[in-house]
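Enquirer: Here you go, one structure.
FYI, it's all coordinate maths here, none of it is from the lab. All figures in this text were calculated on a predicted structure; none of them were measured in a lab. Here the Cβ positions follow ideal geometry from the backbone for every residue, glycine too, while neighbour counts run over all protein chains shown.
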Amino acid sequence: MAGYTHLAFRRALRELGGLGLATTDLVHATQLNAGHRHSLELIETHADDDPLSIQIFSGRDQELVLAAQWLERRGYAGVDINMGCPMAKVNGQGGGARLLCDADDATRLVERIVSAVHVPVTVKMRLGWDRDSICAPRLARRFENVGVAAITIHGRTRSQGFQGAVNLEGIAETVAAVKQIPVIGNGDVRTVEHALHMRRVTGCDAVAIGRGALLDPWIFRKLKDNAAGEDIRDPSPDEQLDFLARHFRLMTEQHAERSCQLFRKFAAWYGAQLGVPDDLEQRMRLFQSIAEFDEIVSEIRERHGERRTSVATALIKVPNGPVERWWRVPVFARGWKA
Ligand SMILES: Cc1cc2nc3c(=O)[nH]c(=O)nc-3n(C[C@H](O)[C@H](O)[C@H](O)COP(=O)(O)O)c2cc1C
């Protein structure tokens with residue numbers, strides 16, 4: 001998820017256990033090829049951050065091919081092509097979900113990338129552009145025929161943005177359309193039960209979790225424990241705070257003092273989830289140094305429980321797109337208790 005599932009967050013999640021394949025934010029192929037600093041930051045990784053696939057986007061075939069080859073030369077394990085992003089600025093350049101609009105072009109593009117590299121190439125897509133142009137099952141089959149290693153399918157159309165319930169039937173049809181490649185179901189999985197339900201109803205081989213990882217970073221460990229027949233355990237308040245501190249600490253390894261600005265976007269979210277007292281949440285939005293962050297965490301620890309967790313206030317912004325008001329979707333906190 002662009003802006004959220006950065007290296008520090010992935011590493012912090014992996015330490016909790018249960019996370020398998022992770023994918024980076026979408027990375028602009030042209031900017032990657034040109035060596036832009038922001039793109040290079042997005043693809044930064046670490047020995048612990050494995051397996052990792054880099055997601056690239058562009059409307060220009062040659063840029064995607066070059067980016068895939070560049071990534072392969074640098075030893076990345078896989079390349080994921082974004083065919084799901086609904087943002088106007090991405091679709092306007094012919095990238096993201098716009099690629100779903102021409103099955104022949106999309107198949108040719110995927111074939112070119114697959115034949116240009118040896119690493120697995122995967123595609124992340126939506127069900128189609130809108131409900132009158134559902135194409136995921138047909139495209140998945142064609143992508144399989146040209147050598148794609150797996151498909152991740154978000155069970156919404158582009159015009160839905162992030163609204164409405166995820167369409168499990170659409171995911172099931174995509175699963176049924178391929179012969180043998182894994183299909184990874186995606187959308188609205190927030191709990192172990194949701195993940196099991198998605199697998200049961202659609203027959204998908206795996207589940208991709210986006211916002212649910214922010215809402216409950218322990219969801220991967222819980223899924224692993226559940227699969228092993230073990231009891232599922234919620235984290236204690238101390239463990240939750242340790243996660244917040246670890247997330248920031250890992251960020252400083254990559255961004256040093258700049259982490260103080262980068263971490264601010266998480267203040268409201270952690271504040272709501274952990275029931276951080278208002279004044280401390282405000283300080284998390286403004287802190288200037290790593291030492292100050294440590295002081296804030298100590299105070300949160302001392303005053304834990306002063307403010308109740310606000311269940312529906314945890315807001316994860318969703319990207320801009322065609323549907324007005326997407327971008328403040330309330331999500332419900334489960335598994336986080338103050
Ligand atoms: C803030 C935000 C950023 C996202 N960025 C990306 C992205 O860079 N690449 C991508 O394939 N999907 C992206 N998505 C879509 C998610 O990967 C996922 O398909 C969608 O949110 C539905 O799954 P979820 O309910 O598990 O979050 C993003 C979603 C959100 C909310």
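Enquirer: Take the Cα radius of gyration of region 237-316 and divide it by 2.2 N^0.38 Å, with N its residue count; two decimals is plenty.
Expert: So the Cα radius of gyration is 1.01 times the expected 2.2 N^0.38 Å.
Enquirer: Going by C-beta contacts inside 10 Å, put 252, 122 in order with the fewest on the left.
Expert: Result, fewest neighbours first: 252, 122.
Enquirer: Restricting the count to DSSP beta bridges whose residues both fall in region 7-227, what percent are antiparallel, rounded to a multiple of 5?
Expert: 5
Enquirer: Using a/c under 1.5 as the rounded threshold, could you call region 114-161 rounded, prolate or oblate? The axes a ≥ b ≥ c are square roots of the C-alpha gyration tensor eigenvalues, and prolate needs a/b larger than b/c, oblate otherwise.
Expert: Prolate, since a/c reaches 1.5 and a/b exceeds b/c.
Enquirer: Quick one: which residues, 5+ away or cross-chain, put their amide H under 5 Å from the amide H of residue 275? H built at 1.01 Å from N.
Expert: Residues meeting the criterion, in which the H sits 1.01 Å from N, are 310.
Enquirer: Could you bin all the Cα-Cα distances of region 269-310 into 5 Å bins starting at 0 and give me the percent of pairs in each, rounded to whole numbers?
Expert: 5, 27, 36, 22, 8, 2
Enquirer: Put a dot 7 Å past each Cα toward the Cβ at residue 41 and residue 249; how far apart are the dots in nm?
Expert: Label-label distance for residue 249 and residue 41, simple model: 2.3 nm.
Enquirer: Shifting gears a bit: Taking only DSSP H segments of four or more residues, each worth -39500 (n - 2.57), what value at 222 nm results for the chain once the sum is divided by all its residues, to the nearest 500 deg cm²/dmol?
Expert: Result for the chain: -12500 deg cm²/dmol, rounded to the nearest 500.
Enquirer: Given 0.36 nm per residue, what is the gain on full extension from residue 232 to residue 308 after removing their alpha carbon distance, in nm?
Expert: This chain segment gains 25.0 nm when fully extended.
Enquirer: Right, another one. Can you sort 65, 123 by how many other beta carbons sit within 10 Å, fewest first?
Expert: Placing the least packed residue first, the sequence is 65, 123.
Enquirer: How big is D, in µm² s⁻¹, for the chain by Stokes-Einstein at 20 °C and 1.002 mPa s if Rh is the Kirkwood radius over C-alpha pairs?
Expert: 104
Enquirer: Also, quick follow-up: If the viscosity is 1.306 mPa s and the temperature 10 °C, what Stokes-Einstein diffusion coefficient in µm²/s follows for region 55-157 when Rh is the Kirkwood radius over Cα pairs?
Expert: My calculation gives 119 µm²/s for D.
Enquirer: Next question, about the same structure. Could you put 107, 152 in order, starting from the residue whose Cβ has the fewest other Cβ atoms within 10 Å?
Expert: So the residues, fewest neighbours to most, are 107, 152.
Enquirer: Hey, can you rank 110-117, 267-274 by average C-beta count inside 10 Å, highest first?
Expert: 267-274, 110-117
Enquirer: Non-local amide H neighbours of residue 186 (under 5 Å, H modeled in plane, Pro and chain starts lacking H): which ones?
Expert: Close amide H contacts, sequence-distant or interchain: 153, 155, 208.
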